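This report concerns only the one structure given below.
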Amino acid sequence: MSTIEPTVKRQWILEGLDCANCAMKIENKVSKMEGVASCSVNFATKTLTMETDGRFPDTGIAQVERTVISLEPHVRLLEKNAGGAAAVSRPHAHDAGARESERDPNHAAPYEQGHARSEGLAHGHSHSHGEGETRRTLLRLGIGAALAAAAYLIPAGGYSELGLFLLAYLAAGGNVVWQAARNIVRGQVFDENFLMALATIGAFAIGQYPEGVAVMLFYQVGELFQGLAVNRSRRSITALMDIRPETARLRIGDETKIVPPGQVKIGEIIVVQPGEKVPLDGTVIEGSAMMDTSALTGESVPRSAEPGSAVLSGFINKNGVVVVRVTQTFAESAVSKILELVQNASNNKAKTENFITRFARGYTPVVVITAALLAVVPPLLVPGATFSDWIYRALVFLVISCPCALVVSIPLGFFGGIGAASRSGILVKGSNYLEALNDVKTVVFDKTGTLTKGQFKVTGIYPAEGMTADELLRLAAYAESHSGHPIAESIVAAYGGSIAGNAVSDYREISGHGIRAAVEGRTVLAGNARLMEREGIAFRQPDGAGTIVHLAVDGQYAGSLVIADEIKEDAARALAALRQIGVRKTVMLTGDASAVAEDVGKRLGVGEIHAELLPQDKVERIERLESEKTGREKIAFVGDGINDTPVLARADVGIAMGGLGSDAAIEAADIVIMTDEPSKIAAAIGIARRTRTIVWQNIWFALGIKAVFLLLGAFGIATMWEAVFSDVGVTVLAVLNSMRALRAPASADGARG
């Protein structure tokens, strides 16, 4: 019997990573290392996530660093520790021992700071333009443009003209040529630097000096705008996740001390002032305030917090000072879990992303080979064809070939969709799950805690002859006052009055039946029908749907109470929204009684209802639905994530309710609804459809434009100017289009947004 080998997860921030194509190369190379079970590079957050198994060598970390540096020498690796911080690792370390000695966890830079610092770094193929780099780029472009204008206007001719154009070319694109040469030495030929260097040097070779310089200038201007667009998109995405508190006010005796949240221990006391973020999960012990929970739940209505209320890290105190007893460490707090989920979401890539990665890997070499044939074959075979004409066409063909628009915009599109979902209170664990939501045609619901609140309430009081409703409820509350069962608690809550402690005696629970107690000297039985039958008491079954509690006093039937779970306010709206967006089948699976399930299902309009099921019965029902589906159809199961773990794991997409407070929900599900609102399921599908639309718009737009210009270039119609636009211009437009995915749709039917 084979055993599954345990894996270890490691993460690095790649400071200075500013090119999606570079991220793809790093991911491909590291994933092929021995002992690496999986590797993903998130271009949007500049994070390398790697899982290793027992075959990973002791020198593996040093090998990862050498691999990254060999591909991108300017990149610095910041290793993220368990607390989410990043410990600095030297960029050119060749000795593992030396590298370890330079790491100092006491001087670890937080993730956000490391991420922000990397914005100003650049290399030959830069999509990251900090203020200083932008000025340098503009200066180079200005000098190059001035020299090109001088060469064009001064009738120098000969070597003087060539010299001026050459100086202009080196000023505008010397860094591109240098990076291309370095990449070739490292065995990385087919990238955008190589293509642009080859095309523009080729233009010089055939005497097209002005065009060679102009194309390089235009390319660099396009790269500048492309970098600004990517950075704007990145900032928009990271702004969605800017919910991590930076400090905590720790109360020590009569004083408060400002400390990092990670230093606060469970049980310690913190103070939260108006306008501050709650730094850690806890319980309010003093004061009251209104809390803005929108960063975590997407809800705009503030939530009140008073002594006894639970508050979560990331809430914002709108008014009033509250004192909170900490119940979770910072690493285990709600905000840390949410940030980790969102930041790691792109580790689980959608099929579309994987397809583009494979496509880009083979696409550029094929185009380069085609360009070489285009330059050589027609002049040899076609009468009157000249090498200079066909070489120019081949160079145009080369400029067009880079798949940068796809490689950059598609991961940003998916990550933007995940960010928009998180802003709406929906945590999606990967773009693969976001993509899978598009094909969901069957949604299966658990009942308790999903469509209903999981909070029992007395919905009917049916006294027997000679007994009043008030007296029946009072006797039931007294009898049940010693029980901790949710049904007993609902009866006591419905009574609402005070219960004298000495009024109840001889309390005894009868397993599987109910309770017996002496209330004010009278013997009271409270329980199910089996209890009445066991005691030989004739009873009547009321009409109300729910759990029935029968009561008898001194051997005489006294009446019954109906206890029902409240349906969530938006449950009916959720079912209607799912039908509206094309979900064909809705199913409810519950362990509750058939009468209760039928009542809830009919009131909500659920298509199929299956009751009195054990957890294994629910799995069997899901498997039966799996066998009935056709094509790419997917099944989503929605549960509370606590007792539905097997079904959440078995469904194509597992969606958990109760996200913020339930560790089980976060672990078991693919998607977590943080607000417990079933209507968010339709909203999640809407966001998924909107994201898919944007991603495929980019794919067809980029491929369509490139196909047109490849043909125009091959037939000698397109010039290098048009070729550069088809590369850089299309990338800028695709990135700007991807930013639309950041906006959550206004309605559940987000696909039409």
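The values are calculated or read from the model by the stated rules, or taken from the named source; none is laboratory data. Just so we're clear, the structure is a prediction, and the values are computed from it rather than from any experiment. No Cβ is skipped: glycine too gets one built from the backbone with ideal geometry, and neighbour counts run over all protein chains shown.
Could you grab the pairs with beta carbons closer than 9 Å, sequence gap of 6+ or different chains, first residue in the range 49-76 and assigned by TED's automatic domain parsing to the domain that holds Arg182 and touching a residue at least 60 places away in the same chain (Cβ under 8 Å), second one assigned to a strand (DSSP E or B) and not aliphatic (A, V, I, L, M)? Every condition considered, no pair remains. Is there a residue in the range 696-711 that is surrounded by fewer than 18 Cβ atoms within 10 Å (Cβ to Cβ), aliphatic (A, V, I, L, M) and in contact (Cβ under 8 Å) with a residue 60 or more places away in the chain? Within the range 696-711 (the criterion being surrounded by fewer than 18 Cβ atoms within 10 Å (Cβ to Cβ), aliphatic (A, V, I, L, M) and in contact (Cβ under 8 Å) with a residue 60 or more places away in the chain), the answer is yes, since at least one residue qualifies.
Within the range 729-753, the set of residues being aliphatic (A, V, I, L, M) and at pLDDT below 75 comprises Ala744, Ala746, Ala748, Ala751. Of the strands (runs of 3 or more DSSP E) that lie entirely inside the range 387-505, those containing 1 or more residues that are under 30 Å from Gly527 (Cβ atoms) span 440-446, 452-463.
Yes/no per residue for (1) of a type outside the set (A, V, I, L, M, F, W, C); (2) surrounded by fewer than 23 Cβ atoms within 10 Å (Cβ to Cβ); (3) closer than 20 Å to Ala305 by Cβ; (4) modelled with pLDDT of 75 or more:
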| site | (1), (2), (3), (4) |
| --- | --- |
| Phe315 | no, no, yes, yes |
| Asn319 | yes, yes, yes, yes |
| Val322 | no, no, yes, yes |
| Val326 | no, no, yes, yes |
| Ser333 | yes, no, yes, yes |
| Glu340 | yes, yes, no, no |
| Ala345 | no, no, no, no |
| Asn348 | yes, yes, no, no |
| Phe355 | no, yes, no, no |
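Looking for something polar (S, T, N, Q) and either touching an Asp or Glu at 6+ places or on another chain (Cβ under 6 Å) or buried (at least 21 other Cβ atoms within 10 Å of the Cβ) (or both) - is there at least one such residue anywhere in the range 552-560? Among the residues of the range 552-560, at least one is polar (S, T, N, Q) and either touching an Asp or Glu at 6+ places or on another chain (Cβ under 6 Å) or buried (at least 21 other Cβ atoms within 10 Å of the Cβ) (or both), which makes the answer yes. Just a yes or no: is a residue in the range 707-728 in a helix (DSSP H, G or I) and modelled with pLDDT of 85 or more? Checked the range 707-728: at least one residue is in a helix (DSSP H, G or I) and modelled with pLDDT of 85 or more.
Answer yes if at least one residue in the range 600-612 is assigned to a strand (DSSP E or B), among the aliphatic types (A, V, I, L, M), under 45 Å from the mean Cα position of the chain (by Cα) and assigned by TED's automatic domain parsing to the domain that holds Val443, and no otherwise. Looking for residues that are assigned to a strand (DSSP E or B), among the aliphatic types (A, V, I, L, M), under 45 Å from the mean Cα position of the chain (by Cα) and assigned by TED's automatic domain parsing to the domain that holds Val443, one finds at least one in the range 600-612, hence yes. Whenever a residue of the range 514-525 is in the same structural domain as Gly501 (by TED's automatic domain parsing), its partners that are of a type in the set (Asp, Glu), lying with C-beta atoms within less than 6 angstrom and at least six residues away or across chains, give the pairs Ile515/Glu509; Ala518/Asp506; Arg522/Asp554; Thr523/Asp554. Only one residue in Ser490, Ser511, Ser498 is polar (S, T, N, Q) and surrounded by 19 or more Cβ atoms within 10 Å (Cβ to Cβ), so which one is that? Answer to the check: Ser490. Just give me the residues in the range 580-599 being part of a loop (DSSP other than H, G, I, E, B) and acidic (Asp, Glu), in sequence order. Selection gives Asp592 alone.
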